[in-house]
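Notes follow once the structure below has been shown.
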Amino acid sequence: MNIKKINTIKQLKGKISVQTGLHIGGSTETMEIGGVDNPILRNKKNNEPYIPGSSLKGKMRSLMEWHLGKLHPDGDIYMDKDPNCPITRVFGHSAKSEYKVGPTRLIVRDCFLSEDARQSFKQGQDITEVKQENFINRITAEATPRPLERVVPGVTFDLDIAYRVIDTGDGGATDEQNFSEVVLKALALVERDFLGGAGSRGCGKVKFINLTDETGQPLQLPTV
(Lines give C-alpha, C1' and ligand atoms only; values in the text may rest on other atoms or scores of the structure.)
Protein backbone atom coordinates (compact mmCIF):
# COMPACT_ATOMS: atom_id res chain seq x y z
CA MET A 1 0.00 0.00 0.00
CA ASN A 2 1.52 3.32 -1.08
CA ILE A 3 0.72 6.12 1.33
CA LYS A 4 0.49 9.38 -0.56
CA LYS A 5 -0.04 11.99 2.13
CA ILE A 6 -1.88 13.06 5.24
CA ASN A 7 -4.94 14.91 4.03
CA THR A 8 -5.75 16.40 7.40
CA ILE A 9 -5.61 15.76 11.11
CA LYS A 10 -9.06 15.87 12.61
CA GLN A 11 -9.51 17.05 16.18
CA LEU A 12 -12.07 15.86 18.70
CA LYS A 13 -12.27 17.79 21.95
CA GLY A 14 -14.67 17.82 24.86
CA LYS A 15 -14.91 16.63 28.42
CA ILE A 16 -15.17 13.30 30.20
CA SER A 17 -17.75 13.57 32.97
CA VAL A 18 -17.42 11.01 35.77
CA GLN A 19 -20.86 9.53 36.48
CA THR A 20 -19.87 6.94 39.10
CA GLY A 21 -16.61 6.63 41.02
CA LEU A 22 -13.71 6.25 38.58
CA HIS A 23 -10.74 4.04 39.46
CA ILE A 24 -7.68 3.95 37.22
CA GLY A 25 -5.01 2.33 39.33
CA GLY A 26 -1.67 3.83 40.22
CA SER A 27 1.49 2.53 41.85
CA THR A 28 1.68 1.36 45.47
CA GLU A 29 5.49 1.49 45.55
CA THR A 30 5.53 4.54 47.84
CA MET A 31 2.50 3.55 49.92
CA GLU A 32 2.70 4.86 53.46
CA ILE A 33 1.39 3.36 56.70
CA GLY A 34 -2.36 3.82 56.67
CA GLY A 35 -2.32 4.35 52.91
CA VAL A 36 -4.80 2.93 50.42
CA ASP A 37 -4.09 -0.51 48.94
CA ASN A 38 -5.62 0.47 45.59
CA PRO A 39 -4.71 4.11 44.88
CA ILE A 40 -5.61 5.96 41.70
CA LEU A 41 -3.09 7.21 39.15
CA ARG A 42 -1.89 10.75 39.86
CA ASN A 43 0.30 13.31 38.14
CA LYS A 44 3.68 13.20 39.89
CA LYS A 45 4.09 16.96 39.44
CA ASN A 46 0.91 18.21 41.11
CA ASN A 47 -0.75 15.08 42.59
CA GLU A 48 -3.85 15.58 40.43
CA PRO A 49 -5.67 12.48 39.16
CA TYR A 50 -5.71 12.00 35.40
CA ILE A 51 -6.83 9.48 32.78
CA PRO A 52 -3.99 8.06 30.64
CA GLY A 53 -4.68 8.22 26.93
CA SER A 54 -3.59 4.57 26.74
CA SER A 55 -6.39 3.55 29.12
CA LEU A 56 -9.08 5.23 27.05
CA LYS A 57 -7.66 4.12 23.70
CA GLY A 58 -7.24 0.54 24.90
CA LYS A 59 -10.83 0.42 26.12
CA MET A 60 -12.10 1.87 22.83
CA ARG A 61 -10.17 -0.74 20.88
CA SER A 62 -11.27 -3.63 23.08
CA LEU A 63 -14.94 -2.73 22.82
CA MET A 64 -14.74 -2.27 19.04
CA GLU A 65 -13.13 -5.70 18.69
CA TRP A 66 -16.09 -7.14 20.57
CA HIS A 67 -18.56 -5.06 18.60
CA LEU A 68 -17.15 -6.09 15.22
CA GLY A 69 -16.68 -9.75 16.18
CA LYS A 70 -12.90 -9.58 15.86
CA LEU A 71 -11.85 -11.04 19.20
CA HIS A 72 -8.59 -12.94 19.02
CA PRO A 73 -9.06 -16.61 20.11
CA ASP A 74 -6.28 -16.45 22.71
CA GLY A 75 -7.14 -12.99 24.00
CA ASP A 76 -4.28 -11.16 22.27
CA ILE A 77 -4.75 -7.79 20.58
CA TYR A 78 -6.43 -8.31 17.23
CA MET A 79 -4.17 -7.82 14.21
CA ASP A 80 -5.14 -8.09 10.56
CA LYS A 81 -2.89 -7.77 7.52
CA ASP A 82 -5.83 -6.48 5.50
CA PRO A 83 -5.22 -2.72 4.90
CA ASN A 84 -8.98 -2.20 5.03
CA CYS A 85 -9.40 -3.71 8.51
CA PRO A 86 -10.92 -0.87 10.58
CA ILE A 87 -9.36 -2.06 13.86
CA THR A 88 -5.72 -2.16 12.82
CA ARG A 89 -6.12 0.80 10.46
CA VAL A 90 -7.53 3.08 13.17
CA PHE A 91 -5.89 1.84 16.37
CA GLY A 92 -2.54 0.68 15.05
CA HIS A 93 -0.53 -2.53 14.79
CA SER A 94 2.80 -4.03 15.71
CA ALA A 95 6.02 -3.06 13.96
CA LYS A 96 6.09 -6.29 11.93
CA SER A 97 6.80 -5.64 8.29
CA GLU A 98 3.96 -7.80 6.98
CA TYR A 99 1.33 -5.40 8.28
CA LYS A 100 0.67 -2.89 5.52
CA VAL A 101 -2.14 -0.82 6.99
CA GLY A 102 0.01 2.25 7.45
CA PRO A 103 0.56 4.38 10.57
CA THR A 104 -1.86 4.60 13.48
CA ARG A 105 -4.70 6.98 12.71
CA LEU A 106 -5.94 7.53 16.26
CA ILE A 107 -4.03 9.57 18.85
CA VAL A 108 -5.60 9.75 22.32
CA ARG A 109 -3.84 12.18 24.63
CA ASP A 110 -3.73 11.98 28.41
CA CYS A 111 -6.87 13.51 29.94
CA PHE A 112 -6.11 15.99 32.70
CA LEU A 113 -8.53 17.68 35.09
CA SER A 114 -10.70 20.36 33.51
CA GLU A 115 -10.17 23.88 34.78
CA ASP A 116 -13.21 23.77 37.07
CA ALA A 117 -12.12 20.47 38.60
CA ARG A 118 -8.55 21.71 38.97
CA GLN A 119 -9.69 24.79 40.85
CA SER A 120 -11.82 22.65 43.16
CA PHE A 121 -8.81 20.44 43.84
CA LYS A 122 -6.58 23.45 44.58
CA GLN A 123 -9.18 24.83 46.98
CA GLY A 124 -9.11 21.64 48.97
CA GLN A 125 -12.44 20.19 47.87
CA ASP A 126 -12.66 16.41 47.86
CA ILE A 127 -12.57 15.15 44.29
CA THR A 128 -11.53 11.65 45.37
CA GLU A 129 -12.86 9.18 47.90
CA VAL A 130 -11.90 5.84 49.41
CA LYS A 131 -14.67 3.32 48.86
CA GLN A 132 -14.66 0.66 51.54
CA GLU A 133 -15.43 -2.78 50.14
CA ASN A 134 -15.23 -6.28 51.58
CA PHE A 135 -14.25 -9.51 49.93
CA ILE A 136 -16.43 -12.28 51.40
CA ASN A 137 -15.12 -15.83 51.66
CA ARG A 138 -18.01 -17.98 50.41
CA ILE A 139 -17.16 -20.87 52.77
CA THR A 140 -16.22 -19.13 56.02
CA ALA A 141 -18.16 -15.89 55.47
CA GLU A 142 -15.03 -14.07 56.62
CA ALA A 143 -14.83 -10.48 55.35
CA THR A 144 -11.54 -9.10 54.08
CA PRO A 145 -11.40 -5.29 53.71
CA ARG A 146 -10.70 -4.02 50.21
CA PRO A 147 -10.45 -0.19 50.12
CA LEU A 148 -10.56 1.38 46.68
CA GLU A 149 -9.65 4.98 45.86
CA ARG A 150 -11.88 6.62 43.23
CA VAL A 151 -12.48 9.98 41.56
CA VAL A 152 -15.92 11.11 42.73
CA PRO A 153 -18.91 11.64 40.41
CA GLY A 154 -19.17 15.10 38.87
CA VAL A 155 -15.45 15.57 38.24
CA THR A 156 -14.57 16.35 34.61
CA PHE A 157 -11.45 15.74 32.55
CA ASP A 158 -10.44 17.36 29.27
CA LEU A 159 -10.68 15.08 26.24
CA ASP A 160 -8.24 15.65 23.36
CA ILE A 161 -8.17 13.25 20.41
CA ALA A 162 -6.37 13.63 17.09
CA TYR A 163 -7.16 11.51 14.04
CA ARG A 164 -5.06 11.32 10.88
CA VAL A 165 -6.91 11.17 7.59
CA ILE A 166 -4.50 9.63 5.10
CA ASP A 167 -4.94 9.47 1.33
CA THR A 168 -4.03 5.92 0.34
CA GLY A 169 -5.43 6.29 -3.15
CA ASP A 170 -9.03 6.92 -2.15
CA GLY A 171 -8.71 10.58 -1.30
CA GLY A 172 -8.91 9.76 2.41
CA ALA A 173 -12.50 8.52 2.10
CA THR A 174 -11.90 5.32 4.10
CA ASP A 175 -10.34 7.15 7.03
CA GLU A 176 -13.13 9.75 6.99
CA GLN A 177 -15.68 6.94 7.15
CA ASN A 178 -13.81 5.19 9.96
CA PHE A 179 -13.82 8.35 12.05
CA SER A 180 -17.60 8.16 12.30
CA GLU A 181 -18.04 4.40 12.22
CA VAL A 182 -15.12 3.43 14.46
CA VAL A 183 -13.87 6.35 16.59
CA LEU A 184 -17.21 7.93 17.48
CA LYS A 185 -18.85 4.53 17.86
CA ALA A 186 -16.04 3.37 20.16
CA LEU A 187 -16.63 6.37 22.43
CA ALA A 188 -20.35 5.57 22.48
CA LEU A 189 -19.53 2.00 23.51
CA VAL A 190 -17.34 3.25 26.36
CA GLU A 191 -20.31 5.28 27.62
CA ARG A 192 -22.43 2.14 27.62
CA ASP A 193 -19.70 0.07 29.31
CA PHE A 194 -17.14 1.47 31.78
CA LEU A 195 -13.68 3.00 31.95
CA GLY A 196 -10.92 1.92 34.32
CA GLY A 197 -11.22 -0.85 36.89
CA ALA A 198 -13.95 -2.37 39.05
CA GLY A 199 -16.63 -1.73 36.45
CA SER A 200 -18.65 -4.76 37.49
CA ARG A 201 -18.70 -3.33 41.03
CA GLY A 202 -20.20 0.00 40.02
CA CYS A 203 -17.15 2.04 39.02
CA GLY A 204 -16.23 3.67 35.75
CA LYS A 205 -19.44 5.00 34.21
CA VAL A 206 -18.51 8.10 32.20
CA LYS A 207 -20.16 10.44 29.74
CA PHE A 208 -18.52 12.40 26.93
CA ILE A 209 -19.91 15.93 26.82
CA ASN A 210 -19.44 19.14 24.82
CA LEU A 211 -17.79 17.29 21.94
CA THR A 212 -16.57 19.44 19.04
CA ASP A 213 -14.50 18.94 15.90
CA GLU A 214 -11.54 20.97 14.67
CA THR A 215 -13.85 23.71 13.38
CA GLY A 216 -15.69 24.03 16.68
CA GLN A 217 -18.81 22.34 15.35
CA PRO A 218 -20.61 20.03 17.83
CA LEU A 219 -20.28 16.28 17.40
CA GLN A 220 -22.88 13.71 18.38
CA LEU A 221 -22.05 10.14 19.31
CA PRO A 222 -24.04 7.45 17.46
CA THR A 223 -26.55 5.19 19.12
CA VAL A 224 -25.12 1.72 19.84
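Of note:
- Considering the range 56-75, and only residues there that are among the charged types (D, E, K, R) and touching a Leu at 6+ places or on another chain (Cβ under 7 Å), the residue that is modelled with the lowest pLDDT turns out to be 65.
- Selection status of residue 113, among the aliphatic types (A, V, I, L, M), within 24 Å of residue 164 (Cβ to Cβ), crowded, with 16+ Cβ neighbours inside 10 Å and at pLDDT 95 or above: no
- Within the range 45-55, not a single residue is more than 30 Å from residue 166 (Cα to Cα), small (Gly, Ala, Ser), touching an Asp or Glu at 6+ places or on another chain (Cβ under 9 Å) and at pLDDT 85 or above.
- Here residue 162 does not fit the description of being out of contact with any strand residue (DSSP E or B) (no Cβ under 6 Å at 6 or more places or on another chain) and either at pLDDT 95 or above or within 26 Å of residue 88 (Cβ to Cβ) (or both).
- Entirely in the range 133-224, the strands (runs of 3 or more DSSP E) that have 1 or more residues that are loosely packed, with under 12 Cβ neighbours inside 10 Å and in contact (Cβ under 8 Å) with a residue 12 or more places away in the chain: 143-151, 206-212
- Residue within the range 79-97 that is touching a Lys or Arg at 6+ places or on another chain (Cβ under 7 Å), of a type in the set (A, V, I, L, M) and farther than 30 Å from residue 38 by Cα present: yes
- For the range 125-144, residues that are among the small types (Gly, Ala, Ser) and touching an Asp or Glu at 6+ places or on another chain (Cβ under 7 Å) total 0.
The values are calculated or read from the model by the stated rules, or taken from the named source; none is laboratory data. Nothing here was measured: the structure is a model prediction, and the numbers come from that model. Here Cβ is always computed from backbone atoms with ideal geometry, including for glycine, and neighbour counts include all displayed protein chains.
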